[in-house]
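Written out below as structure tokens is the structure these notes cover.
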Amino acid sequence: MVERGQGLRSSGSPIDVRGPAFSAAEQMGITRRLRAARTEVTELNFVDASGRRVGRIPTQARRGDSVELPRFDLATILFEAAREEAEFLFGDSIATLHQDAGGVDVTFEHAPPRRFDLVIGADGLHSRTRQLAFGPEVAYVRHMGVWVATMPADGLNLDRHKVLLHNSPGRAVALHPCRGKAMAAFLYRGPGDECFDHRDTADHKRRLIDAYSGAGWRVPELVQRMRDVDDLYFDSVSQVRLDRWCAPLAEGASGAQVPEGRPTATTRQRPNRSDPPSGTTPSSGGGSCASMSSRPCGSPCAPGTGPRPLPLAAASADLGRALLTAGDAAAVPALTRAYEVHARVGADFEADRVRADLERATTRSVGAPEASGRAPVRAGTR
């Protein structure tokens with residue numbers, strides 16, 4: 001495991017370990033430690049500019065197969081579980097990759113060259129490993145119209161059970177208690193920028209100051225903290241779109257099986273600061289959850305495959321839940337479509353969530369299943 005940072009990070013946004021990732025944690029024997037490190041958040045509170053609560057959403061009830069915990073605690077637990085079985089190389093990164101039918105020759109910025117059967121890039125949006133395998137990121141990273149930043153926010157005396165969120169048109173700020181090491185998150189809409197440098201912290205601070213000029217609530221206090229903080233993460237919310245997730249072999253070479261027990265290199269090359277809250281949404285940590293999964297989503301090495309249906313399924317699920325809240329009969333077909341897609345691609349955790357909403361919709365008789373031309377989905381039908 002190759003990590004650019006000099007050691008484990010001391011901060012980072014909360015991560016949900018759930019679904020296939022939780023199954024992997026069970027196989028690793030670390031679920032007891034995950035539960036011991038979990039956060040205590042039970043609700044999300046929306047506040048106005050004066051700090052008055054204007055809305056509240058209960059967070060997901062505690063389940064046996066879902067745990068939210070600080071990123072640093074998750075990294076520490078995984079590191080301690082793997083350190084006797086895997087080699088960790090801190091303060092380094094991959095310089096070149098040369099693949100043939102038998103494996104991959106790897107050179108590093110500092111360590112001597114080595115050969116591996118398999119190289120797995122897990123180094124984030126601006127992956128050096130991906131660039132070496134597939135070329136410059138401008139060809140496949142697409143800005144989604146939102147920028148995100150996170151930073152430590154200690155000493156704010158937050159309720160350990162509540163996440164606070166203040167939003168105004170085009171921008172939002174959230175405070176998460178995160179087991180006594182509070183985090184602040186900034187999210188705002190903005191166009192992409194071809195000149196953006198994800199390592200230029202001074203530029204990141206200027207962008208945040210401009211984006212949150214004139215904002216209310218505790219934003220001026222947080223912006224002032226941000227001016228002095230060293231541990232700031234800032235980046236665009238982007239989507240990586242590739243036709244395949246395995247680098248093709250050189251012309252004339254054939255694929256090679258990886259023998260059990262042979263060396264594998266996994267790279268993580270972000271700078272030594274808080275990781276982005278990557279994933280399906282900017283705050284879910286779904287990317288880290290997916291990286292723990294015990295099985296892939298779809299067929300990652302086949303051209304033209306991948307989780308492309310999932311964004312549409314998620315949108316359909318969100319629409320269905322909104323219609324369900326409003327008592328609209330159209331909730332049933334929307335939730336049914338979302339369930340079928342999630343179930344088909346093996347996204348079991350999301351499929352179970354949508355199925356529960358669908359059963360609520362049919363139980364409350366907000367609409368007949370026949371309206372969608374589909375049979376109702378019941379527990380145990382997948």
In whole Hz and in residue order, list the ³J(HN,Hα) couplings for the range 231-245 that follow from phi through the Karplus curve 6.51 cos²θ - 1.76 cosθ + 1.60, θ = phi - 60°; x for Gly and Pro. 9, 10, 9, 8, 6, 7, 8, 9, 10, 9, 10, 10, 6, 8, 10
Once the dipole of the range 1-96 is set up from charges on Cβ (+1 Lys and Arg, -1 Asp and Glu), the residue from the list ALA36, LEU8, PHE72 lying farthest towards its positive end is ALA36
Towards the positive end of the charge dipole of the range 154-233, with charges on Cβ (+1 Lys, Arg; -1 Asp, Glu), say which of VAL173, THR201, MET226 has the farthest Cα. VAL173
Rounded to whole Hz and in sequence order, give me ³J(HN,Hα) for the range 76-82 from the Karplus expression 6.51 cos²θ - 1.76 cosθ + 1.60, θ = phi - 60°, writing x for Gly and Pro. 5, 5, 5, 4, 5, 6, 9
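Run the dipole for the range 127-190 about the Cα centre, Lys and Arg Cβ at +1, Asp and Glu Cβ at -1, nothing else charged, and hand back the magnitude in debye, nearest 20.
Value, rounded to 20: 100 debye.
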What trypsin sites (Lys or Arg not before Pro) in the range 23-102 are in a loop by DSSP, with at most 10 other Cβ atoms within 10 Å of the Cβ? ARG52
For ALA37, distant residues with modelled amide H under 5 Å away: none
Under a 5 Å amide H to amide H cut-off, with H placed in plane at 1.01 Å, what residues pair with VAL47 once short-range neighbours are removed? VAL54, LEU165, HIS166, ASN167
If you place +1 on the Cβ of every Lys and Arg, -1 on the Cβ of every Asp and Glu, and leave all else neutral, what size is the dipole of the range 34-141 about its Cα centre, to the nearest 20 Debye? 640 debye
Using modelled amide H (1.01 Å from N, peptide plane; none on Pro or chain starts), what sits under 5 Å from the amide H of VAL146, excluding residues fewer than 5 places away? GLY190, VAL237
Karplus ³J(HN,Hα) for the range 102-118 (6.51 cos²θ - 1.76 cosθ + 1.60, θ = phi - 60°; Hz, whole; x = Gly/Pro) runs x, x, 9, 8, 10, 10, 10, 5, 10, 6, x, x, 9, 10, 10, 6, 8
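Quick note: the coordinates plus some simple rules give every number you see, no bench work behind them. Note that this is a predicted model, so its numbers are computed, not measured. No Cβ is skipped: glycine too gets one built from the backbone with ideal geometry, and neighbour counts run over all protein chains shown.
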